[in-house]
Amino acid sequence: MVVQLQQETIPAIVIKSVKKPSFVTKPLETIDYLPPLPQQIIQLGTWLASYYPSPLGVIAQQLLPPNFGTIEIKQPKISYKPARYKLPTLTVDQTKALSQITKSDTYLLHGITGSGKTRLYIELAIKTVAQQRSVIILTPEISLTAQLAKNFSAVFGKQVIILHSQLTIKARQMVWQMILRADKPLVVIGPRSALFSPLKNVGLIVIDESHEPAYKQEQAPHYQATRVAAKLSSLHNATLVFGSATPLVTDYYLAQQKHKLILRLNSLAKVSDHPSTEVTVVDIKNRSLFGSGSVYLSRPLLSAIQTALAQNEQTLLYLNRRGTARLILCENCGWQATCPHCALPLTYHGDSHRLRCHVCNFQLPTPVNCPSCNLASIIFRTVGTKAIVDEVQRLFPGASVQRFDTDNKKAERFEQHFQAVHSGAVDILVGTQLLAKGLDLPHLGVLGILIADTSLQIPDYSAQERTYQLLSQVLGRVGRGHRAGRAIIQSYQPDHPVIQAILDDDWDQFYQNELAARRKFLFPPFCQLLKLTVRRASVNSAQKAANTLVSTIQKSGLSVKIEGPAAAFHEKFQNKYQWQLVIKAKERSQLIAVIGLLPSSSWSYDIDPVDLL
């Protein structure tokens, strides 16, 4: 439907019919070239509005493409003729897991990196499509859609539909209309928003890399895609599969408590005569292991890169820090470049010679002299990915080097270069966690983790889990059976228990340790979380508002535990000061009730936050 709202014509979704009101109403205009939305999508939107409290208008934006109703695409066509492709034979582990997925239910697929989880997804999709039911495959990053689309298109041809936010508005509307009008099963691949595809009969939902925080929506309605997928699968009576080499502690615990099947894939899918990955740990504090013209790349890593280049193999250098330098200061007076709006350190980007805030995107030219003492004594510290690219190009001038992180322009993004990377045309990849997720790179021979403990320093209850996930995932890019692999891990804390658990590939021990810590300090899965944030013009005002809300919650008699108030991790943001409360409860209903107590628009909330930063 399209409705008149004041002077604007906007799209609307009819949820139900009601009696005619006593006041004057305006007529609805039907978009008659489209069939109605599937009932399950309407039900999902209604549930979403109550589970992640949000106005229905915000929910409707999730269900419809941008500028809905402005573009009519006449009879979009889909070729349902599947491609012919011989799939690899299922492994013993894959066959066993497949035999256990016998009914519409929720399954946790815990498979080591390289164990062939995607092959299992394809087999499940084949069975689902044969039953004339559609499939949704979720991926945490748009950059991973190219690889998944390649694998699924080889089997399903043009029945595979890609849907994500980087398509043009017209392309997204066209794809959305194709899905809505489809009269045969489709395989829809995309990030979390693909859950809202207007599919009529969904039989399978797969959440690949289900541990990734990218499945959490940062804006209202702040939904967690795994929970939305669980609701959608129940509305369609569909099979739901959570796939990960490093499952979330919460997901694993809840699967055990609810007696859901946990399927293990413990061996590589690709049979290989190559030895297991050779792992070398370099203590960054031991500076004798560095030199040879580089302060960032150790001698063992430089040697491995040189060998890989000689053998026509790829190298992946992982550093979860963007930019060229993360700290700009004056060695004479101590001045530091910080964002005037957020009070956070600015990052230097050498390619544009500008300083940038990675929170609010404030930018300014890099100063030549110190703004405080006027001396030419500015120094740059704490390396980022752009500096590593400069270093590698200097040390290996004949190599093809490409950087992949969220600073990439459209033409530089990974999905635009997937074929070149996959074919081995790029010699050295430099990137952040974007390269750590789910990629199968057959030419990769060497992995370098430049600083393994970066995320361990983050003051959050999820820091150790996130470190384990990231490092395990990036280690999984090498040694997948294509060729012998070598990994060099540079760390300031090589003896840290999390680093040791990763080196020992001991997820079960890590899980038990992390679960014990969560139980002791009351964090998920032993409670549900709500993060409340107030933004005010002054620190005193923010603190006063937070204290007032604490008093209101305490007087309400709700069964919750209040932690705080305290200054937020990013205390200043866009010239406002942020203070926050963390609310813990056994029952979600208690958190929903707290949200109802929020006094003004200066407060925001995030229920089921992935972190408390």
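What shape does segment 479-560 have by the C-alpha gyration tensor, where a ≥ b ≥ c are the square roots of the eigenvalues, rounded means a/c under 1.5, and otherwise prolate means a/b greater than b/c and oblate the rest?
prolate
What dipole magnitude, in Debye to the nearest 20, does segment 528-607 give about its Cα centre under +1 on Lys/Arg Cβ and -1 on Asp/Glu Cβ?
60
Please give the per residue volume of the convex hull enclosing the alpha carbon atoms of the chain, rounded to a whole number of Å³.
188
Could you tell me which of rounded, prolate or oblate describes segment 159-225, using a ≥ b ≥ c as the square roots of the eigenvalues of the alpha-carbon gyration tensor, with rounded for a/c under 1.5 and, failing that, prolate when a/b is larger than b/c and oblate otherwise?
oblate
Taking the Cα centre of segment 92-265 as origin, sum charge times position over the Cβ atoms of Lys and Arg (+1) and Asp and Glu (-1), and report the length of that vector in debye to the nearest 20.
440
Restricting the count to DSSP beta bridges whose residues both fall in the chain, what percent are antiparallel, rounded to a multiple of 5?
Restricted to the chain, the bridges split so that about 45 percent are antiparallel.
Shape of segment 357-516 from its Cα gyration tensor (a ≥ b ≥ c, root eigenvalues): rounded if a/c is under 1.5, otherwise prolate when a/b > b/c, or oblate?
Oblate shape, in that a/c is at least 1.5 and b/c is the bigger or equal ratio.
Could you point to the residue in Val206, Ser372, Gln543 farthest towards the positive end of the chain's charge dipole, with +1 and -1 charges on the Cβ of Lys/Arg and Asp/Glu respectively?
Among Val206, Ser372, Gln543, the one farthest towards the positive end of the dipole of the chain is Val206.
Just so you know, all these numbers are worked out from the coordinates, no wet-lab data involved. Just so it is clear, the model here is predicted, and its values are computed rather than measured. Quick reminder, even Gly has a Cβ in these numbers, built from the backbone with ideal geometry, and neighbours come from all protein chains shown.
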